[in-house]
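*Asks:* Just passing along the structure, written as structure tokens.
The values are calculated or read from the model by the stated rules, or taken from the named source; none is laboratory data. No experiment lies behind these values; they were computed from the predicted model shown. Cβ sites come from the backbone with ideal geometry, for glycine too, and all protein chains shown count toward neighbours. What goes into the accessible areas is simple: the full protein's heavy atoms, side chains included, and nothing from ligands, DNA or RNA. Shrake-Rupley method; radii C 1.70, N 1.55, O 1.52, S 1.80 Å.
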Amino acid sequence: MDDKKLPATPETRNRLYENMGKTIEMFSPTLKKHIILKELLNENALNNESRIFDAFLSLSIYTQYTSIELASVLRACFRANLPAEKRYNIKWINCVILETYKHLYGYGGKRQKSLWILHIKSVLELVNDSKLIQDCSDLENHIIEFGKSEITSVEQRNLSFHYDIEPISVYEMLMKLSEEEEGQRLISFMKLLEEITFFTAKYIGKYKVTISEEPKLISKYAFTLSEFDIFQNKGDILLSVSENAIKKHAEQLDGFIRHQNIPAKINQHFESLDKESVAPIHRLLEIEKVAIQLTFLYIDLASALKAFISSEYVLEKQLSLKQVNTIIYEGFNKIYGLDDDSQNSFWRKYICPVISQTTDITTLSDFDSMDKELQKLKLIIKSFGNQRQLSVHIDKGIIEVYSMLYNMNPFKELKKALLLLNFLPKVLDFLTKCLNVIGENSKIIHDKKMAATYEKMDNIISLIKKSPNTQQKEDLIKMLGKFKTGEFFE
């Protein structure tokens with residue numbers, strides 16, 4: 001690839017899309033073969049000759065796997081029809097590059113456990129090959145240069161994988177994403193991968209050892225269920241349903257984000273208002289942050305499902321399932337928490353404080369029921385921990401990740417998604433009850449509290465009505481009215 005910016009013409013996009021498909025098609029069988037060779041090689045103690053071959057085999061597996069994953073992500077982005085879906089897909093480019101570079105060379109203290117140090121550098125002392133040593137040194141310098149170039153973004157990676165307790169940070173990150181800029185990020189890394197591929201191809205043949213038992217493990221990766229039409233020719237219908245879900249929830253998300261700007265707009269118009277006057281609005285908006293996070297999950301899961309259905313190649317499909325698993329695990333972890341002391345979750349930070357302010361028996365009973373259901377769901381999702389680890393990191397090696405991918409059952413993975421998707425509406429319904437708690441606070445002080453709260457909000461609305469007529473003014477009055485009734489969640 002060259003250094004030109006990623007063009008946006010349909011012809012160029014189609015050509016790049018097809019080339020990425022050819023990359024997946026070309027590397028998939030070779031990757032499988034090399035993984036089988038390495039597993040056979042590692043069944044016995046390695047001598048010096050096999051250690052050298054094993055090192056180059058490991059590097060070859062790395063470049064092939066990484067190229068396939070990046071190609072899959074970019075192709076899913078090109079297939080996306082909606083902006084929200086495109087943003088969902090292109091956010092993974094930075095994640096894949098950062099995680100695979102970490103595996104290749106590492107950062108800081110983890111560098112000594114990297115593929116390059118453990119495999120390539122460690123075998124140089126076993127060979128008397130000045131050309132290899134020089135090529136290895138030159139390539140390492142280029143690998144180091146890439147790491148220093150700050151092409152990847154750790155902050156963007158963390159928001160992409162883990163979301164954030166302040167969901168507007170995730171939204172702002174997504175809105176800043178550019179297909180062109182992420183494409184340039186990918187091109188920069190693909191250039192390094194090409195250089196590593198040439199280096200590996202040059203020496204893997206020179207130091208190859210003969211392994212006569214190759215057929216022994218072929219059956220291990222014989223087939224996966226993703227090779228079949230699991231939707232029984234109903235894929236187009238599911239694509240349409242998924243796209244409609246993305247469109248609907250993206251529009252809701254934009255509306256929720258606009259609500260989050262209401263306090264700033266009020267302060268902009270009425271700088272003299274005290275904090276107590278707008279406190280009820282802030283409390284309502286904190287509950288809405290939970291709805292924003294749930295909307296992220298709807299969009300992310302629908303986009304990953306759409307990527308799975310529309311993929312042409314087996315590994316492309318399995319990589320989409322890997323994303324589904326990551327979304328479920330990380331999304332639930334942010335909503336409720338998977339650790340026993342998960343304080344930094346939406347449930348603990350935004351919902352529990354509201355419920356602690358009510359003595360209403362029905363609301364408290366509903367809260368306890370919801371919490372018990374979340375506890376059960378927590379145990380189920382927590383059991384996916386090892387799979388999530390392999391879905392995000394490569395520290396256990398690409399063979400472990402590849403084995404997980406090949407063993408992923410699409411029925412089971414999509415059942416996980418449905419398990420969470422079917423539960424999310426219950427959480428949304430419970431948010432309305434939280435709004436009622438904020439409105440009522442408690443039955444004992446209801447009249448006094450609500451009179452003061454509504455009076456403050458009515459005063460704000462009266463002040464706004466006195467300002468010049470604009471569409472922004474009308475929208476603001478309408479939204480404030482909905483805050484009083486809780487309609488904005490409906």
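*Asks:* Can Asp475 be described as at pLDDT below 90, among the acidic types (Asp, Glu) and more than 20 Å from the chain's Cα centre (by Cα)?
*Replies:* It is true that Asp475 is at pLDDT below 90, among the acidic types (Asp, Glu) and more than 20 Å from the chain's Cα centre (by Cα).
*Asks:* Another question, if that's okay. Of the conditions (1) of a type in the set (Ser, Thr, Tyr); (2) modelled with pLDDT of 90 or more; (3) out of contact with any helix residue (DSSP H, G or I) (no Cβ under 6 Å at 6 or more places or on another chain), Thr9 clears all except one; give me its number.
*Replies:* Of the numbered conditions (1) of a type in the set (Ser, Thr, Tyr); (2) modelled with pLDDT of 90 or more; (3) out of contact with any helix residue (DSSP H, G or I) (no Cβ under 6 Å at 6 or more places or on another chain), the odd one out for Thr9 is (2).
*Asks:* Regarding Ala80, is this residue crowded, with 23+ Cβ neighbours inside 10 Å, of a type in the set (A, V, I, L, M), farther than 18 Å from Lys220 by Cβ and within 21 Å of the chain's Cα centre (by Cα)?
*Replies:* No.
*Asks:* Quick one: which of Ile381, Ile394 is under 18 Å from the mean Cα position of the chain (by Cα), part of a loop (DSSP other than H, G, I, E, B) and of a type outside the set (Lys, Arg)?
*Replies:* Matching residue, one of Ile381, Ile394: Ile394.
*Asks:* So, of the residues in segment 44-69 that are assigned to a helix (DSSP H, G or I) and of a type in the set (S, T, N, Q), which turns out to be surrounded by the fewest Cβ atoms within 10 Å (Cβ to Cβ)?
*Replies:* Asn48
*Asks:* Can you tell me which of Glu85, Glu69, Glu18 is without any contact (Cβ under 8 Å) to a residue 60 or more places away in the chain and within 22 Å of Ala307 (Cα to Cα)?
*Replies:* Only one candidate passes the filter, namely Glu18.
*Asks:* Being part of a loop (DSSP other than H, G, I, E, B), touching a helix residue (DSSP H, G or I) at 6+ places or on another chain (Cβ under 6 Å), on the phi < 0 side of the Ramachandran plot and buried (at least 20 other Cβ atoms within 10 Å of the Cβ), is that true of even one residue in segment 400-408?
*Replies:* yes
*Asks:* Can you find, within segment 109-141, the residue that is farthest from the chain's Cα centre (by Cα) among those that are closer than 16 Å to Phe198 by Cβ and surrounded by fewer than 13 Cβ atoms within 10 Å (Cβ to Cβ)?
*Replies:* Result: Lys131.
*Asks:* Let me ask something additional. For a quick check of your reading of the model, give me the residue pairs whose first member lies in segment 109-127 and is closer than 13 Å to Asn48 by Cα, whose second is among the polar types (S, T, N, Q), with beta-carbon atoms closer than 8 Å and at least 6 apart or on different chains.
*Replies:* As it stands, the answer is His119/Ser58; Leu126/Asn48, since those pairs meet every condition given.
*Asks:* Consider segment 350-396. How many of its residues are in contact with a His (Cβ under 9 Å, 6 or more places away or on another chain) and open to solvent by 20 Å² or more (accessible area, probe 1.4 Å)?
*Replies:* Looking only at that region, the number is 2.
*Asks:* Given (1) out of contact with any Leu (no Cβ under 9 Å at 6 or more places or on another chain); (2) modelled with pLDDT of 95 or more; (3) surrounded by 19 or more Cβ atoms within 10 Å (Cβ to Cβ), identify the lone condition not met by Phe189.
*Replies:* (1)
*Asks:* Determine whether Ala80 is more than 29 Å from Leu115 (Cα to Cα), in contact with a helix residue (DSSP H, G or I) (Cβ under 8 Å, 6 or more places away or on another chain) and at pLDDT 90 or above.
*Replies:* It is true that Ala80 is more than 29 Å from Leu115 (Cα to Cα), in contact with a helix residue (DSSP H, G or I) (Cβ under 8 Å, 6 or more places away or on another chain) and at pLDDT 90 or above.
*Asks:* List the number of the failed condition for Cys95; all other conditions in (1) in contact with a helix residue (DSSP H, G or I) (Cβ under 8 Å, 6 or more places away or on another chain); (2) modelled with pLDDT under 95; (3) surrounded by 13 or more Cβ atoms within 10 Å (Cβ to Cβ) hold.
*Replies:* Going through the list (1) in contact with a helix residue (DSSP H, G or I) (Cβ under 8 Å, 6 or more places away or on another chain); (2) modelled with pLDDT under 95; (3) surrounded by 13 or more Cβ atoms within 10 Å (Cβ to Cβ), Cys95 breaks only (2).
*Asks:* Under 7 Å between Cβ atoms, which residue pairs at least 6 apart in sequence (or on different chains) link something in segment 334-357 that is touching a residue at least 60 places away in the same chain (Cβ under 8 Å) with a partner that is surrounded by 15 or more Cβ atoms within 10 Å (Cβ to Cβ) and acidic (Asp, Glu)?
*Replies:* That search, which allows pairs on different chains as well, returns Tyr350/Glu286.
*Asks:* Pairs, please: C-beta under 9 Å, at least 6 apart or cross-chain, first residue farther than 25 Å from Lys220 by Cα and of a type in the set (S, T, N, Q) and in segment 407-435, second open to solvent by less than 80 Å² (accessible area, probe 1.4 Å) and not in a helix (DSSP H, G or I)?
*Replies:* If the second residue must be open to solvent by less than 80 Å² (accessible area, probe 1.4 Å) and not in a helix (DSSP H, G or I), the pairs left are Thr432/Gly486.
The rows are residues; the columns are (1) open to solvent by 30 Å² or more (accessible area, probe 1.4 Å); (2) of a type outside the set (Asp, Glu); (3) in contact with a Leu (Cβ under 8 Å, 6 or more places away or on another chain).
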| position | (1), (2), (3) |
| --- | --- |
| Glu11 | yes, no, no |
| Glu25 | yes, no, no |
| Asn42 | yes, yes, no |
| Ala71 | no, yes, no |
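*Asks:* Here is a follow-up. Scan segment 347-361 and give yes if some residue there is of a type in the set (Gly, Ala, Ser) and either under 27 Å from the mean Cα position of the chain (by Cα) or at pLDDT 95 or above (or both), otherwise no.
*Replies:* Taking every residue of segment 347-361 in turn, none turns out to be of a type in the set (Gly, Ala, Ser) and either under 27 Å from the mean Cα position of the chain (by Cα) or at pLDDT 95 or above (or both).
*Asks:* Could you please find all residues in segment 319-339 being open to solvent by less than 10 Å² (accessible area, probe 1.4 Å), in a loop (DSSP other than H, G, I, E, B) and not aliphatic (A, V, I, L, M)?
*Replies:* Tyr336, Gly337
*Asks:* Output the qualifying pairs, or none if there are none: Cβ atoms under 7 angstrom, residues six or more apart or on different chains, first residue in segment 303-318 and modelled with pLDDT under 95 and surrounded by fewer than 24 Cβ atoms within 10 Å (Cβ to Cβ), second residue of a type in the set (D, E, K, R) and not in a loop (DSSP other than H, G, I, E, B).
*Replies:* Ser310/Arg79; Ser311/Lys317; Tyr313/Glu25; Val314/Glu227
*Asks:* Continuing with the same structure: When you go through (1) assigned to a helix (DSSP H, G or I); (2) surrounded by fewer than 24 Cβ atoms within 10 Å (Cβ to Cβ); (3) small (Gly, Ala, Ser) one by one for Ser342, which number turns out not to apply?
*Replies:* With respect to (1) assigned to a helix (DSSP H, G or I); (2) surrounded by fewer than 24 Cβ atoms within 10 Å (Cβ to Cβ); (3) small (Gly, Ala, Ser), Ser342 is out only on (1).
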